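Structure first, then comments.
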Amino acid sequence: MDFLPPLILGFAIAIIGILPPGLINMTAARVSVKDGKNEAISFAIGATVIVFIQSYVAIQFAKFINSRQDIIALLQEIGLFIFMVITLFLFWTAKKPKKAKHEIKLHSKSNRFFLGMLLSSLNLFPIPFYVFVSITLSTYNLFYFNPFYIYPFVAGVVTGSFTGFYLYILYFKNHQNKSDYLINNGNYIIGCITGLISLVTLFKLINDN
């Protein structure tokens, strides 16, 4: 049962990453509304395939630099700064709620799978995100860079990512008139999460020093 902790961690972290409205999940929702649930699921599967590749590459990179404590400390400091900036930005923009700006014009109903792969490939944020997350978790002995943790964690990320896309698909399909609530409040939700991560990272850096 040792595979369960990294599996659950990967799942939870992926859900957190998918939670705020963005290009990929909003496009999945729009495909669901306009073309139907099956087409949206095909899109989500294509996007998830790329997430699998990105998360695996990110963890392998994190494994490579894990032995360099100086680099890890630098990454934590950079990550702290980035998450603090993101937190402030999200709370600032949340005061002026707007509908999602990023929309993809959907013409043909074919190749939704490849459209998901394409848009997910253009989103490079998961790579530095999972590098930072895996290194941070390893400092708290919640993650280890060996196959018994890496593969379940990646499996959790894949499962969590698809689940996040699927929840968007279902929600926007069944609650089209209420979808603005999620869009308008998504920044507050993820802002609280990134703020908590910033506090935990800051506390860890202070203790290390």
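Derivation of every value follows stated rules applied to the coordinates shown; laboratory data play no part. These numbers were taken from a predicted model, which means no experiment stands behind them. All Cβ positions, glycine included, derive from the backbone under ideal geometry; neighbour counts span all protein chains shown.
Which peptide among 25-32, 7-14, 143-150 comes first, and what is the full order, when sorted by highest mean count of other Cβ atoms within 10 Å? Before the final figure, lay out each step's value.
Values: 25-32: 25.1, 7-14: 21.0, 143-150: 15.8.
Packing proxy ranking, top to bottom: 25-32, 7-14, 143-150.
Starting from the Cα-Cα distance between residue 199 and residue 3, subtract it from 0.36 nm times their residue separation and give me the gain in nm to one decimal. Could the numbers behind the result be given before it?
Details: separation 196, 0.36 × 196 = 70.56 nm, distance 2.82 nm.
Length gained, residue 199 through residue 3: 67.7 nm.
How large is the direction-averaged shadow of the alpha-carbon convex hull of region 1-69, in nm²? Walk me through the intermediate numbers first.
Values: hull surface 25.5 nm².
The orientation-averaged projected area of the Cα hull of region 1-69 comes to 6.4 nm².
Tell me, what is the FRET efficiency for residue 170 and residue 207 to the nearest 0.05, using R0 = 45 angstrom and their Cβ-Cβ distance as r?
Rounded to the nearest 0.05, the efficiency is 0.60.
Applying 1/(1 + (r/R0)^6) with R0 = 35 Å to the Cβ-Cβ distance of residue 65 and residue 88, what FRET efficiency is obtained, to the nearest 0.05? Show your work: numbers first, answer last.
Details: r = 28 Å, r/R0 = 0.79.
Here the calculated transfer efficiency is 0.80.
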